[in-house]
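Peer 1: Structure incoming, see below.
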Amino acid sequence: MIADNPQQKSHSKLLLEQVSKEYPISGGDRLLAVSDVSFDVIENEVCVLLGPSGCGKSTILHMMAGLNDPTAGRLTLDGREIHGPSRDRGMVFQGYTSFPWLTVEQNVEYGMRLNKVPPAERRQRVDFFIDRVNLTRFRKAYPKQLSGGMKQRVAIARMLANAPEISLMDEPFGALDAETRWHMQELLLDIIDDSQMTVVMVTHDIPEALFLADRIVFLSSHPGRIKEILTMDFKQGRRITNKEELIETPGYIEIEREILHMMREEASDEE
Amino acid sequence: MTAPVTTQAGQSVAVSKRRWFEFNKPITPASAIWLALSAWVAFFGLWEFAVLMEVTNAVLLPGPVTVLTSFVELFTEKNYLADIGMSLYRVLASFTLACLLAVPLGILMGTFRSVEAFFNPLVSAFRYLPAPSFIPLLLMWLGAGESQKLALLFLGVVWFLITLIMDYAKSLPADYINTALTLGGNRRQVLWTVVVPAMLPNVLIAMRQMLAVSWTYLVIAEIVAADSGIGAMMMRAKRFVHIDEIMAGIVTIGLLGLLFDILLRAAQRLLFPYLETKE
Ligand SMILES: Nc1ncnc2c1ncn2[C@@H]1O[C@H](COP(=O)(O)OP(=O)(O)OP(=O)(O)O)[C@@H](O)[C@H]1O
Ligand SMILES: [Mg+2]
């Protein structure tokens, strides 16, 4: 399946300007986790943050969400500076965060309740998004009855039903087994494509990054800074929503090799 | 791994062979019941045996049968039910008061670092003061009446209850709260729709843990100064050297403690059916 990539008119949605983040650590020292990072996320694109473990991917995503303030620099969404979390910027976390005391449909409805969305609209959006993530049969179930992949689908539906301007995902499939991961990636790309979402996704899985990304921001570690920004030229401005097809596309092997090479460089810098 | 059962003699033996000491292997419910029962039978058997062998003076060590008959006597002739009722009232009333303070305070302390920084030094210090050391003070301030006993029981559990609930609140997954915040929740909404529902099962667990302690202080309160209650009955029995009645009192408290534990466990299952079942 081949779809048009709607990322043509490049309006930058989220902007990071010279963003740095230091954490205080024991002994009064400070750890520079993210150093002087600048890039933008274009409207309707999938921007993947890729890099070795500990390079500051989650830190950057948390700053985008407003859960964490930068020590220096600024982040803006549509020109407005980001201060604190808001419904503009939805987030899916690596761990399972579906609320265990709510059923699947109550979980999906939760954000809209917070925001006082009228009941009729709420119900309609719950139906739509539960169906979109294939959980209609489980709408009355509690999270304890769901598999890991299903729990992440609940979290994704809950975020989408709340209609954020931008979706932030921190290794949403990190805890899933390889096969489930696959299905989830295909499903997610499908949803992203037909609802024209702007997405920032963190991963350290190279095939996942190549499959989902329109652009990859590759980070190096200690401190986390941008090593390279890769455009997925081999996709020729399309999204390929089928994995086998992606792997067979000319240019895939080359870019995968290039990223592997960067990963290895990072690893040898550590020593 | 268990091989399929076959008719070949050698293999079927290997499969059905059961050993009593296996690391981390579950045992069948039937054998669990049998094991528990045999422990009790052994306990009462040894007790009765010691009495029969006249290990000590029969007055100082009555047998289980004597204790059982003293129960009948207590209920029919000595209005034991009123004593039990009084003790229950003391435990439940003081425990309710302690919860009314400890649950909201513990949750707030575990949720907001500023609230913790304000209260925790105080609460931790009070935790190290043994509640019985307040008895002389309480007797002078409140007299020997009910309020003195409720105050002692309250002081005995409240600090630990606050600390327990605070620790539970602190260990809530931060990403539950972060999820609600990124969905647009304000602080009040996050507190009421995430922190409180996520805490409720833990509150019940903390209550179960501390209710047992409350019974301990009940006995102290009733032994010190009381004319009613299980502890008071035991002190009366001591005066007349009715060892069997003292033992009946101990058994009563044990049974009541067990009963409350079972009730709270059942409440846990009924109120929070969505919880992952551990074990
Ligand atoms: N709250 C914190 N306090 C102190 N140091 C922190 C804190 N959070 C993260 N760090 C440090 O900052 C660095 C970047 O962490 P971060 O979690 O952003 O990395 P990551 O790229 O998401 O890693 P991973 O792939 O393992 O999730 C790490 O060295 C980490 O130890
Ligand atoms: Mg991370």
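Peer 1: State whether the residues of the range A:154-176 include one that is more than 16 Å from ligand 2 (Cβ to nearest atom) and in a strand (DSSP E or B).
Peer 2: yes
Peer 1: Quick check: is even one residue across the range A:217-233 within 14 Å of another protein chain (Cβ to nearest Cβ) and open to solvent by 20 Å² or more (accessible area, probe 1.4 Å)? Show your work before the answer.
Peer 2: The initial filter retains those residues of the range A:217-233 that are within 14 Å of another protein chain (Cβ to nearest Cβ), namely none.
Among the residues of the range A:217-233, not one is within 14 Å of another protein chain (Cβ to nearest Cβ) and open to solvent by 20 Å² or more (accessible area, probe 1.4 Å), which makes the answer no.
Peer 1: Being more than 10 Å from chain A (Cβ to nearest Cβ) and buried (at least 16 other Cβ atoms within 10 Å of the Cβ) is the filter here; which residues of the range B:177-195 pass it? First the steps, then the outcome.
Peer 2: At the first step, the residues of the range B:177-195 found to be more than 10 Å from chain A (Cβ to nearest Cβ) are B:187-188, B:191-192, B:195.
Listed by number, the residues that qualify are B:Leu191, B:Val195.
Peer 1: Could you please give the count of residues in the range A:189-206 that are open to solvent by less than 30 Å² (accessible area, probe 1.4 Å), of a type in the set (Ser, Thr, Tyr) and more than 13 Å from ligand 1 (Cβ to nearest atom)?
Peer 2: 1
Peer 1: Residues that are away from chain B (no Cβ under 14 Å) and at pLDDT below 95: list the helices (runs of 4 or more DSSP H) wholly contained in the range A:33-139 that include at least 1 such residues. Working first, answer last.
Peer 2: Details: elements: A:57-65, A:104-114, A:119-132.
Counting at least 1 such residues, we get A:57-65, A:119-132.
Peer 1: Still on this model: Taking only the range B:45-99 into account, find how many residues are within 26 Å of the chain's Cα centre (by Cα) and of a type in the set (Lys, Arg).
Peer 2: Result for the range B:45-99: 1.
Peer 1: So is A:Asp193 more than 14 Å from chain B (Cβ to nearest Cβ) and in contact with a strand residue (DSSP E or B) (Cβ under 7 Å, 6 or more places away or on another chain) or not? Before the answer, list the steps.
Peer 2: Values: more than 14 Å from chain B (Cβ to nearest Cβ): yes; in contact with a strand residue (DSSP E or B) (Cβ under 7 Å, 6 or more places away or on another chain): yes.
For A:Asp193, the condition - more than 14 Å from chain B (Cβ to nearest Cβ) and in contact with a strand residue (DSSP E or B) (Cβ under 7 Å, 6 or more places away or on another chain) - is met.
Peer 1: Could you list all residues from the range A:14-33 that are away from ligand 2 (no atom under 12 Å from the Cβ) and touching a residue at least 40 places away in the same chain (Cβ under 8 Å)? Quick ask: steps written out before the conclusion?
Peer 2: Step one: filter the range A:14-33 for residues away from ligand 2 (no atom under 12 Å from the Cβ), giving A:14-32.
Across the range A:14-33, the qualifying residues are A:Leu14, A:Leu15, A:Leu16, A:Glu17, A:Gln18, A:Val19, A:Ser20, A:Lys21, A:Glu22, A:Leu32.
Peer 1: Just the residues that are more than 14 Å from A:Leu187 (Cβ to Cβ) and of a type in the set (D, E, K, R), please, taken from the range A:130-150.
Peer 2: A:Arg137, A:Arg139, A:Lys140, A:Lys144
This table checks each residue for (1) without any contact (Cβ under 8 Å) to a residue 12 or more places away in the chain; (2) away from chain A (no Cβ under 14 Å); (3) in a helix (DSSP H, G or I).
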{"residue": "B:Glu222", "(1), (2), (3)": "no, yes, yes"}
{"residue": "B:Ser228", "(1), (2), (3)": "no, yes, no"}
{"residue": "B:Ala237", "(1), (2), (3)": "no, yes, yes"}
{"residue": "B:Leu258", "(1), (2), (3)": "yes, yes, yes"}
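Peer 1: Can you tell me which residues in the range B:209-240 are closer than 20 Å to B:Leu74 by Cβ, open to solvent by 60 Å² or more (accessible area, probe 1.4 Å) and of a type outside the set (D, E, K, R)? Spell out how you get there, then give the answer.
Peer 2: Restricting attention to the range B:209-240, the residues satisfying the condition of being closer than 20 Å to B:Leu74 by Cβ are B:215, B:218-219, B:222-223, B:226-240.
Imposing the further condition that a residue be open to solvent by 60 Å² or more (accessible area, probe 1.4 Å) reduces the set to B:223, B:227, B:235-236, B:238-240.
If the condition is that a residue be closer than 20 Å to B:Leu74 by Cβ, open to solvent by 60 Å² or more (accessible area, probe 1.4 Å) and of a type outside the set (D, E, K, R), then B:Ile223, B:Met235, B:Phe240 are the ones that fit.
Conditions (1) at pLDDT below 85; (2) out of contact with any helix residue (DSSP H, G or I) (no Cβ under 8 Å at 6 or more places or on another chain), marked per residue:
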position: A:Gly224; (1), (2): no, no
position: A:Arg239; (1), (2): yes, no
position: A:Arg257; (1), (2): no, yes
position: A:Ala267; (1), (2): yes, yes
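Peer 1: Restricted to the range A:103-135, and to residues that are over 24 Å from the mean Cα position of the chain (by Cα) and not basic (Lys, Arg), which residue is most open to solvent (accessible area, probe 1.4 Å)?
Peer 2: A:Gln124
Peer 1: Here is a further query. Taking the range B:156-173 only, how many residues are farther than 23 Å from B:Ala131 by Cβ and either under 16 Å from the mean Cα position of the chain (by Cα) or at the interface with chain A (Cβ under 9 Å from one of its Cβ atoms) (or both)?
Peer 2: First pass over the range B:156-173, keeping only residues farther than 23 Å from B:Ala131 by Cβ: B:169-173.
Those left that are additionally either under 16 Å from the mean Cα position of the chain (by Cα) or at the interface with chain A (Cβ under 9 Å from one of its Cβ atoms) (or both): B:173.
Here the count works out to 1.
Peer 1: Within the range A:73-82, identify whether any single residue is over 25 Å from B:Val190 (Cα atoms), within 16 Å of ligand 2 (Cβ to nearest atom) and open to solvent by 40 Å² or more (accessible area, probe 1.4 Å), and answer yes or no.
Peer 2: No, the conditions are met nowhere in the range A:73-82.
Peer 1: Does the range B:270-279 include one or more residues that are more than 19 Å from the chain's Cα centre (by Cα), open to solvent by less than 30 Å² (accessible area, probe 1.4 Å) and within 14 Å of chain A (Cβ to nearest Cβ)?
Peer 2: Within the range B:270-279, one or more residues are more than 19 Å from the chain's Cα centre (by Cα), open to solvent by less than 30 Å² (accessible area, probe 1.4 Å) and within 14 Å of chain A (Cβ to nearest Cβ).
The values are calculated or read from the model by the stated rules, or taken from the named source; none is laboratory data. For clarity, every value in this text was computed on a predicted model and none was experimentally measured. No Cβ is skipped: glycine too gets one built from the backbone with ideal geometry, and neighbour counts run over all protein chains shown. Side chains included, ligands, DNA and RNA excluded: accessible areas come from the protein's heavy atoms. Shrake-Rupley method; radii C 1.70, N 1.55, O 1.52, S 1.80 Å.
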